[in-house]
Amino acid sequence: GLRQETLHAFGAFRGSNDVSSEAQLGRVVRVDRGEVDVLVEEGELRVMSGSQRAQAETAPVTGDWVVVAPDDEVGFYVALVLPRRTAMVRRDPAEQVSDQVLVANIDRVAVVHGLDQAANDARIERFLVLAIDSGAEPMIVLNKQDLGEVSDEYGWLETVAPVFTTSAEDGTGIDELRNAIGYGETLVFIGPSGVGKSTLVNAIFGEQVAETSEVRSRDRRGRHTTTTRELIELPSGGVVIDTPGIRAIGLWAADIALDEVFADIVALAPACRFRDCTHRQEPNCAVLEAVENGEIQAIRLARYQLLWQELAEQARDIELRKRAPSTSKRNKRRRK
């Protein structure tokens with residue numbers, strides 16, 4: 001949804017820059033190889049990204065509000081990416097010490113897991129950290145109920161975010177999921193390929209607006225039917241963003257979100273004898289005692305420690321990169 005602060009930013013830009021009176025405010029629907037589809041008042045425009053022209057430090061992503069300006073050579077280009085309310089950011093798969101913004105200006109993030117697959121707590125935890133770190137409200141969607149059951153092993157999810165159980169095949173939970181997207185709100189579906197994200201988009205919309213494909217029966221893995229992040233307007237006035245399956249879930253400076261996903265462990269830390277306790281072998285460690293008593297699973301603690309170590313090493317690498325001379329403009333791109 002368009003917010004007042006976005007309108008103010010658009011007006012301020014037009015008032016302080018030498019841009020054509022034909023400059024328009026629009027929202028990025030999809031990004032495709034340097035070109036961007038932008039939804040403006042009159043409809044969709046295919047425009048040049050502008051990231052190598054006037055907006056080198058902020059490349060537009062799906063969900064961005066942008067200023068589109070005319071150009072004699074290229075038709076239209078993105079003159080400015082307006083400030084983002086929220087943004088889902090991961091570590092850039094191509095670079096160890098750089099971030100990659102996936103989508104912007106989202107209100108809810110739905111982490112989708114297919115019940116036809118084995119439970120994968122480690123993967124769900126990573127997706128939840130990604131979702132919470134975006135600044136949007138996290139949700140969990142256990143899809144394909146017609147092909148699997150919601151067993152007790154999923155019980156911990158409700159301590160982190162609201163859980164929706166759905167099936168696009170028989171309609172279970174679709175109305176509840178649709179009603180969770182308020183007027184003017186934007187929800188993005190994230191998860192690996194094959195969990196039914198595009199099928200859920202179609203079910204919520206009421207007709208096929210996103211391409212889908214069958215899951216391979218031998219390993220229950222999906223094909224990447226969705227090849228780019230795409231924004232779709234709903235008849236109800238909400239917006240959904242369909243995304244390709246995410247293979248690399250590298251976290252980026254997500255310490256606070258990590259603690260929220262592992263709140264059961266973090267809550268015990270103040271009772272440890274040492275303030276800097278790592279919960280590995282220190283004496284009088286409240287977390288290790290909880291593991292011994294069966295209150296916390298040892299494997300869950302191990303996953304928390306692994307992610308914590310990943311973020312700590314990343315923070316050190318970032319600090320070293322700051323001290324070194326910049327070698328790439330790409331590393332300047334940051335969440336706004």
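The values are calculated or read from the model by the stated rules, or taken from the named source; none is laboratory data. For clarity, every value in this text was computed on a predicted model and none was experimentally measured. Heads up, the Cβs are rebuilt from the backbone with ideal geometry, glycines too, and the neighbour counts pull from every protein chain shown.
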Any residue in the stretch 6-28 that is within 24 Å of the chain's Cα centre (by Cα), closer than 30 Å to I249 by Cβ and in a loop (DSSP other than H, G, I, E, B)? no
Does I241 satisfy the condition of being at pLDDT 95 or above and over 13 Å from the mean Cα position of the chain (by Cα)? no
Selected residue (only one of D175, D99 is out of contact with any His (no Cβ under 9 Å at 6 or more places or on another chain) and either touching a residue at least 60 places away in the same chain (Cβ under 8 Å) or among the aliphatic types (A, V, I, L, M) (or both)): D99
Among the numbered conditions (1) under 26 Å from A253 (Cα atoms); (2) touching a His at 6+ places or on another chain (Cβ under 9 Å); (3) part of a loop (DSSP other than H, G, I, E, B), tell me where G135 comes up short. (2)
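Take the residues of the stretch 1-10 that are touching a strand residue (DSSP E or B) at 6+ places or on another chain (Cβ under 9 Å) and not hydrophobic (A, V, I, L, M, F, W, C): which is surrounded by the most Cβ atoms within 10 Å (Cβ to Cβ)? Lay out the reasoning, then the answer.
Within the stretch 1-10, the subset touching a strand residue (DSSP E or B) at 6+ places or on another chain (Cβ under 9 Å) is 1-3, 6-7, 9-10.
After this cut, where a residue has to be not hydrophobic (A, V, I, L, M, F, W, C) as well, the list is 1, 3, 6.
Numbers: G1: 15, R3: 12, T6: 18.
Filtering the stretch 1-10 for residues that are touching a strand residue (DSSP E or B) at 6+ places or on another chain (Cβ under 9 Å) and not hydrophobic (A, V, I, L, M, F, W, C), the one surrounded by the most Cβ atoms within 10 Å (Cβ to Cβ) comes out as T6.
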Matching helices (runs of 4 or more DSSP H) fully within the stretch 252-323 where at least 2 residues are modelled with pLDDT of 95 or more, crowded, with 16+ Cβ neighbours inside 10 Å and among the charged types (D, E, K, R): 255-261, 298-323
Based on this model, can you work out whether A210 counts as at positive phi, hydrophobic (A, V, I, L, M, F, W, C) and at pLDDT below 95? no
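Kindly evaluate G222 against the criterion of being in a loop (DSSP other than H, G, I, E, B), modelled with pLDDT under 95 and either at positive phi or not assigned by TED's automatic domain parsing to the domain that holds P138 (or both).
Details: in a loop (DSSP other than H, G, I, E, B): yes; modelled with pLDDT under 95: yes; either at positive phi or not assigned by TED's automatic domain parsing to the domain that holds P138 (or both): no.
Here the answer is no, as G222 does not meet what is asked.
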Out of (1) β-branched (V, I, T); (2) under 29 Å from F10 (Cα atoms); (3) not in a strand (DSSP E or B), the one V97 does not meet is (2)
